[in-house]
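The values are calculated or read from the model by the stated rules, or taken from the named source; none is laboratory data. All of these numbers come straight from a predicted model, not from anything done at the bench. When we count neighbours, we look across all protein chains shown, and the Cβ atoms used for this are built from the backbone with ideal geometry, even at glycine. Each accessible area value is taken on the protein alone, full model and side chains, heavy atoms only, with ligands, DNA and RNA left out. Shrake-Rupley method; radii C 1.70, N 1.55, O 1.52, S 1.80 Å.
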Amino acid sequence: MRVLVTGGAGYIGSHTTLALLEQGHEVLVVDDLSNSSPESLRRVGELAGREPGFVEANVRDEQALDAAFASFRPEAVIHFAGWKAVGESTQIPLTYYRENLGSTFTLLEAMGRHDCHTIVFSSSATVYGELSEPPFREDAPTGATNPYGRTKHMVEQVLADVSASDPELRVGVLRYFNPIGAHASGRIGEDPKGIPNNLLPFVAQVATGRREKLMVFGDDYPTPDGTGTRDYIHVVDLAAGHLAALDYLGSHDGHHVWNLGTGRPASVLEIVKAYQEASGVAIPYEVVARRPGDVASSFADPSLAEQELGWRAERSIADACADTFRWQSENPNGFAGA
Ligand code: UFG
């Protein structure tokens, strides 16, 4: 199948692009490289034995997108491109609304003009907010507590409305829990710019000595060890979930929502311990105040994806820590060192 992948040079996008190429699909990546490196695609090409196509453009660039659709004629789109830092989104909300909503509008309109009827969208477990208790099922109430989360929630609603208006459109909304890990080759992985916001990249940089210690945001949550628990899912499993969704949409009409998670919560301290074991390096940490906006616990009920897609997460946290450690030690400065 010909698949156009927006944001395909990024963390989850690059792992999914690789999985698509490995399964024999043709891929065209559209990415403005605002938070990614072309080196990731070069390495994806190296691992797959063939390069994905690449257009350097913002997805809101209608002309560039039209040209890409006209020449590549995609049969499906996977829409990863977007801004994704919760804290930053409270500082520059308009950028988040403009980029995350605008890109989706441009993309859906281009799909309409170019006879492309299948889209898989990168959503987030953040849409479950604080409205119910985990494990979250897809039919739980949704909302959001910050501008980033609201863009994901709004795009989900846009996709539902557009799908209701167009019986030909096939939509798969994937709600990711907490993606971690890297490709087992150590060649591609997460390469955050600046100080990492997320737990695993931060821990990984402490282990290699790039940061002094981890700040654990609160140990007074109602969880077994008092630190927050999350559903950490290996990025290679997550990538496989996209292929399963595309496959499903090949024979099912309509609008579908699936959680991609493991169903098993792990605490901050469990992650620290797993990373110490995988790396053989002690991770110094200090418990500090809770981070505003954090919930105590978030984890999936992943049974719908298993039932409908035949997909489930196979890799453990230990695997993810070993893979992240390999990626981080072999690429201490991410793709910039290449
Ligand atoms: N944490 C720390 N110290 C850090 C970073 C994180 O203790 O330096 C803790 C957090 O308090 C939380 C856990 O580690 O308990 C995970 O935090 P992350 O920032 O890695 O992930 P979040 O669950 O906060 O957020 C992630 C994505 C969001 C998405 C959300 C959906 O980053 O984009 O999951 O649930 F919205």
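Here are D237, D219, D294: which of them is open to solvent by 20 Å² or more (accessible area, probe 1.4 Å), acidic (D, E) and at pLDDT 95 or above? It is D219.
I'd like to know if the stretch 76-92 contains one or more residues that are open to solvent by 30 Å² or more (accessible area, probe 1.4 Å) and either away from the ligand (no atom under 16 Å from the Cβ) or in contact with a Gly (Cβ under 6 Å, 6 or more places away or on another chain) (or both). Looking through the stretch 76-92, none of the residues is open to solvent by 30 Å² or more (accessible area, probe 1.4 Å) and either away from the ligand (no atom under 16 Å from the Cβ) or in contact with a Gly (Cβ under 6 Å, 6 or more places away or on another chain) (or both). Among the residues of the stretch 117-124, is there at least one that is farther than 20 Å from D61 by Cβ, of a type in the set (G, A, S) and crowded, with 21+ Cβ neighbours inside 10 Å? Yes: the stretch 117-124 contains one or more residues that are farther than 20 Å from D61 by Cβ, of a type in the set (G, A, S) and crowded, with 21+ Cβ neighbours inside 10 Å.
Out of D66, D61, report the one residue that is open to solvent by 60 Å² or more (accessible area, probe 1.4 Å) and farther than 20 Å from V236 by Cα.
So the residue among D66, D61 that is open to solvent by 60 Å² or more (accessible area, probe 1.4 Å) and farther than 20 Å from V236 by Cα is D61.
For the stretch 152-160, does any single residue satisfy the condition of being within 13 Å of the ligand (Cβ to nearest atom) and without any contact (Cβ under 8 Å) to a residue 40 or more places away in the chain? Yes, the stretch 152-160 has at least one match.
Suppose the filter is within 13 Å of the ligand (Cβ to nearest atom), within 23 Å of R326 (Cα to Cα) and open to solvent by 10 Å² or more (accessible area, probe 1.4 Å); does E212 pass it? Criteria met by E212. Pick from A320, A313, A305: which is part of a loop (DSSP other than H, G, I, E, B), within 19 Å of the chain's Cα centre (by Cα) and of a type in the set (A, V, I, L, M)? Matching residue, one of A320, A313, A305: A313. Restricting to the stretch 93-107, name every residue that is of a type in the set (A, V, I, L, M) and surrounded by fewer than 22 Cβ atoms within 10 Å (Cβ to Cβ). Listed by number, the residues that qualify are L94, L101.
Take the residues in the stretch 245-267 that are touching a Pro at 6+ places or on another chain (Cβ under 6 Å) and open to solvent by less than 20 Å² (accessible area, probe 1.4 Å); name whichever of them is nearest to the ligand (Cβ to nearest atom).
Restricting to residues being touching a Pro at 6+ places or on another chain (Cβ under 6 Å) and open to solvent by less than 20 Å² (accessible area, probe 1.4 Å), the top hit is G261.
Look at H242 and say whether it is farther than 14 Å from V203 by Cα, away from the ligand (no atom under 13 Å from the Cβ) and assigned to a loop (DSSP other than H, G, I, E, B). No, not satisfied. Pairing each residue of the stretch 177-196 that is open to solvent by less than 30 Å² (accessible area, probe 1.4 Å) with any residue that is more than 15 Å from the ligand (Cβ to nearest atom) and of a type in the set (K, R), provided the two are 6+ apart or on different chains, yields C-beta distances under 6 Å for G186/R326; I188/R43.
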